[in-house]
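Trainee: What follows is a structure written as structure tokens; I'll ask about it next.
The values are calculated or read from the model by the stated rules, or taken from the named source; none is laboratory data. All figures in this text were calculated on a predicted structure; none of them were measured in a lab. Note that we place each Cβ from the backbone using ideal geometry, even for glycine, and neighbour counts take in every protein chain shown.
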Ligand SMILES: C[S@@+](CC[C@H](N)C(=O)[O-])C[C@H]1O[C@@H](n2cnc3c(N)ncnc32)[C@H](O)[C@@H]1O
């Protein structure tokens, strides 16, 4: 199996750092000391830089100097921020327009803790050594100052990364889950309770097909929605070009159950699985059968673009009663929700899927399945089931 592509800290190391963000200050400091303050600073700035893509910034480039204190040490980085991309360097720029000083323990909490805002030790300064020439709107001094303020604000928003609106993230990262498809409001409804948890999210289908550097729009959207999560993308093509911290890619075929089993054993269990892969009915069914057992209780499994279930070219069928399609599987899940109430031969015990699917939310082209325990008591044994209940009432 291709190993997941990643950069910066190993996923486990980063997960440990994110967990530490919610612990007492001395434990946060110990976690920073273990990982190394310089590496932690670079990881946090990379995270902030990635988040800035979802926030409007200044058109021109602005230097931002971070001075982060840790015990008696100070780690300094100068970042060149712009509306497009951040460059993070060690160079001391002559006079960065913005300077941010903060305690490193607090910055780690600001970026990754569940609470917030964590800014008691932060000082922000905007350089004012030059003098304004005048007060005209196009005065260069005013323009630079405006750019500095915009950038400072961009940094603050990105540091906390509380993006409450998934649709906004979809638009910012060019994910087609809103615009053409209209999935993000549904996802927000079902995924919101998991948002602050250290979730593991798997999306099948990275996008960009055989170009290793193209695609990943939705993976980036999930990364910033789940600001403490690890995001995995699975695709039949190698997608090494899009890996970044907290975002990993694995190559494999969602229609191959053996591969999926090995993949899930190595990278699961997952809190969320989103199937946006081939959309072939057989693949959709195989992926669900193999991967649903590897979804944690309380997790969700989503199947996108279920329209293909009605299209013969995609292994679907225009016959609504056909078996073997992805929607036929979904319809069977509905019956399974009520397995306790079905009249079945004694020896036919409920399947693992029947016992663990707790809700099936079906929308236009999107199905979201919730996992948990579906072992609620059925109707009492004395309730008549095979005779007309009115004959039973009449005798009372
Ligand atoms: C619609 S695109 C995914 C878009 C992406 N989820 C997004 O929202 O940004 C479908 C992707 O599924 C991949 N794919 C097709 N067949 C597959 C298979 N059998 N197993 C895994 N991935 C597959 C394609 O290579 C393609 O990149």
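Trainee: From (1) closer than 20 Å to residue 109 by Cβ; (2) modelled with pLDDT under 95; (3) out of contact with any strand residue (DSSP E or B) (no Cβ under 7 Å at 6 or more places or on another chain), pick out the condition that doesn't hold for residue 23.
Mentor: Single failed check for residue 23: (2).
Trainee: Let me ask another. Got a sec? Which strands (runs of 3 or more DSSP E) wholly within region 31-113 have at least 2 residues that are at pLDDT 90 or above and either over 29 Å from the mean Cα position of the chain (by Cα) or surrounded by 22 or more Cβ atoms within 10 Å (Cβ to Cβ) (or both)?
Mentor: Of the strands (runs of 3 or more DSSP E) lying wholly inside region 31-113, those with at least 2 residues that are at pLDDT 90 or above and either over 29 Å from the mean Cα position of the chain (by Cα) or surrounded by 22 or more Cβ atoms within 10 Å (Cβ to Cβ) (or both) span 62-70, 73-81, 98-103.
Trainee: Which of the residues belonging to region 298-314 are surrounded by fewer than 20 Cβ atoms within 10 Å (Cβ to Cβ), in contact with a helix residue (DSSP H, G or I) (Cβ under 8 Å, 6 or more places away or on another chain) and not in a helix (DSSP H, G or I)?
Mentor: Across region 298-314, the qualifying residue is only 298.
Trainee: When residues of region 211-226 are filtered for being buried (at least 21 other Cβ atoms within 10 Å of the Cβ) and either modelled with pLDDT under 95 or in a helix (DSSP H, G or I) (or both), how many remain?
Mentor: 8
Trainee: Follow-up question, since we're still on this one. Of all residues in region 174-200, how many are buried (at least 21 other Cβ atoms within 10 Å of the Cβ) and within 12 Å of the ligand (Cβ to nearest atom)?
Mentor: Looking only at that region, the number is 5.
Trainee: Which of the residues spanning region 216-258 are within 9 Å of the ligand (Cβ to nearest atom) and over 15 Å from the mean Cα position of the chain (by Cα)?
Mentor: 235, 236, 237, 239, 251, 252, 253, 254, 255, 256
Trainee: Could you tell me whether residue 208 is crowded, with 20+ Cβ neighbours inside 10 Å and either near the ligand (Cβ under 8 Å from one of its atoms) or closer than 19 Å to residue 43 by Cβ (or both)?
Mentor: No, not satisfied.
Trainee: Got a sec? Which helices (runs of 4 or more DSSP H) wholly within region 326-396 have at least 3 residues that are closer than 30 Å to residue 182 by Cα?
Mentor: 326-337, 352-356
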